[in-house]
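The values are calculated or read from the model by the stated rules, or taken from the named source; none is laboratory data. Here the structure is a predicted model, which means the values were calculated and not measured. The accessibility values were calculated without ligands, DNA or RNA, using every heavy atom of the protein model including side chains. Shrake-Rupley method; radii C 1.70, N 1.55, O 1.52, S 1.80 Å.
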Amino acid sequence: MTDRTDADEPTDEAPSIGPEELAERLRSGDELTVLDVRNRDEFDRWHLTGDGVDAVQVPHAKFIQAQATGRVTDLVADLEEPILAVCGRGEASAHAVGLLREAGIDASNLAGGMDAWAELYTARELAVDAPATVVQYDRPSSGCLAYAVYSGGEAAVIDPLRAFADRYAEDADDRGAALTYAIDTHVHADHVSGVRTLAERTGSEAVVPAGATDRGLAFDTATLEDGDELRVGDATLTALATPGHTTESVSLRLEGDDADTLFTGDTLFLEGVGRPDLERGDEGAADAARRLYGSIQNRILAQPKETTIAPGHYSDAAEPRADGTYATTLANLRDRLAALSMDEAAFVEHATSDLPPRPENHERIVAANLGLEDVDQETAFELELGPNNCAVAD
């Protein structure tokens with residue numbers, strides 16, 4: 001997994017919170033002082049963020065030195081209490097917490113560390129108007145969202161992560177449903193896809209957008225064209241070509257009784273639109289942004305305003321519903337996102353300017369998802385750590 005800065009002898013007595021409690025505190029926007037005792041390169045690569053988070057890096061080695069000199073309090077003199085300490089597995093941070101509490105400082109430890117945070121995966125039912133039950137899977141450490149659609153004893157998983165393939169299969173078993181499809185909306189650049197692994201483990205059919213073949217798809221799989229339909233029990237998923245974030249991107253429409261649900265992948269988010277530079281770099285970003293503009297204006301915004309938008313990711317800027325899910329109506333997004341009312345020139349400028357850093361290891365992740373590179377489970381875990389960075393914030 002991650003490089004370790006953990007102490008040789010963990011301090012089990014250090015008071016701690018679990019990843020689930022941390023997720024709730026971040027979701028609610030609580031003020032939180034995070035003391036990260038990993039090395040600087042690990043911190044810079046990926047650390048806890050949020051509206052109320054103040055994250056500070058002080059390497060564990062300094063706590064070992066301070067323990068000898070009796071100057072532990074100097075290391076956190078400028079930090080607001082209470083303090084949450086984190087490291088790779090929760091061991092070095094537990095040692096630091098023990099020293100801080102001995103010095104009278106209110107501190108606790110993240111149990112299991114950043115590894116446990118990365119492994120947290122929550123599931124909540126998403127309210128939809130359809131002959132189906134939809135479960136939204138949320139990986140808080142990266143903001144990645146996946147979906148399971150259940151109907152008539154069958155199930156399909158949309159944008160599954162390979163790291164959680166067993167989870168989808170077990171959940172389907174618990175609901176007495178047979179997994180029939182594992183579907184990707186596009187070639188992901190931020191996480192290793194689970195479509196092949198899930199198909200192999202469950203006998204379901206792996207499905208990717210047809211355009212992935214033009215990007216070098218190197219494994220046999222079913223493909224989706226614009227307008228293709230997939231039946232899941234009594235429910236229907238219809239592919240809607242929405243290129244721009246990538247050339248092959250599709251959205252999937254779940255037909256409802258009075259309102260549809262649109263799984264938009266990385267085309268449209270609650271807080272922005274998909275970035276256009278991951279497939280062809282800066283040189284191709286403007287052309288991709290023009291395609292994205294057309295997809296949003298002519299395909300997504302052409303849907304009824306009551307349509308529920310269910311995105312593939314979220315960032316710290318997104319606000320969940322009261323039930324913890326990340327979704328909203330198209331009408332709400334029309335009102336909230338300035339990018340949706342821009343003309344093409346303004347949109348292209350907006351979508352290609354001031355982009356965040358590209359997802360860590362995105363080229364290797366794309367290669368793995370096309371079947372051009374084989375990566376084992378531990379390598380995959382390492383490659384996809386950190387924020388997804390797939391959106392252009394509004």
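Would you please classify the overall shape of the stretch 320-373 from the alpha carbon gyration tensor, given that a ≥ b ≥ c denote the square roots of the eigenvalues, rounded means a/c under 1.5, and beyond that prolate means a/b larger than b/c while oblate covers the rest?
Note, shape of the stretch 320-373 comes out oblate.
Sort the chain into rounded, prolate or oblate with this rule: let a ≥ b ≥ c be the square roots of the eigenvalues of the Cα gyration tensor; rounded if a/c is under 1.5, and if a/c is not under 1.5, prolate when a/b is larger than b/c, oblate otherwise.
It comes out prolate by the Cα gyration axes.
Can you list residues whose amide H is under 5 Å from Ala107's amide H, if they're 5+ apart or on another chain and H is modeled 1.01 Å from N?
Ile83
Just to be sure I understand the curve: with the Debye formula and one point per C-alpha of the stretch 226-298, what is log10 I(q)/I(0) at q = 0.11, 0.22, 0.28 Å⁻¹?
Debye output, listed in q order: -0.30, -0.92, -1.22.
Among Glu125, Glu360, Glu373, determine the one that fluctuates most according to a GNM of the chain built with springs between C-alpha atoms less than 10 Å apart.
Of Glu125, Glu360, Glu373, the Gaussian network model singles out Glu373 as fluctuating most.
Amide H of Thr33: which non-local residues (sequence gap of 5 or more, or other chain) have their own amide H closer than 5 Å, using H built in the peptide plane?
Placed amide hydrogens put Asp54, Leu84 under 5 Å from Thr33.
Considering amide H positions built from the backbone, and no H for Pro or chain starts, which residues 5 or more places from Thr185, or on another chain, come under 5 Å of its amide H?
Asp159
Probe radius 1.4 Å, ligands and nucleic acids ignored: give me the carbon and sulfur share of the accessible area of the chain as a rounded percent.
41
Work out how far the C-alpha atoms of the stretch 276-319 reach from end to end along every principal axis, then list the three figures in whole Å, largest first.
37, 28, 13
Springs between alpha-carbon atoms under 10 Å, Gaussian network over the chain: tell me which of Ser315, Ser353, Ser16 tops the mean-square fluctuations.
Top of the fluctuation ranking is Ser353.
With a 1.4 Å probe and every protein chain left in place, tell me how much accessible area Glu20 has, in Å² to the nearest 10.
Roughly 110 Å² of Glu20 is accessible to a 1.4 Å probe.
With θ set to phi - 60° and the Karplus curve 6.51 cos²θ - 1.76 cosθ + 1.60, what are the ³J(HN,Hα) couplings of the stretch 311-316 in order, to the nearest whole Hz, using x for Gly and Pro?
Once rounded to whole Hz, the list reads x, x, 8, 8, 10, 4.
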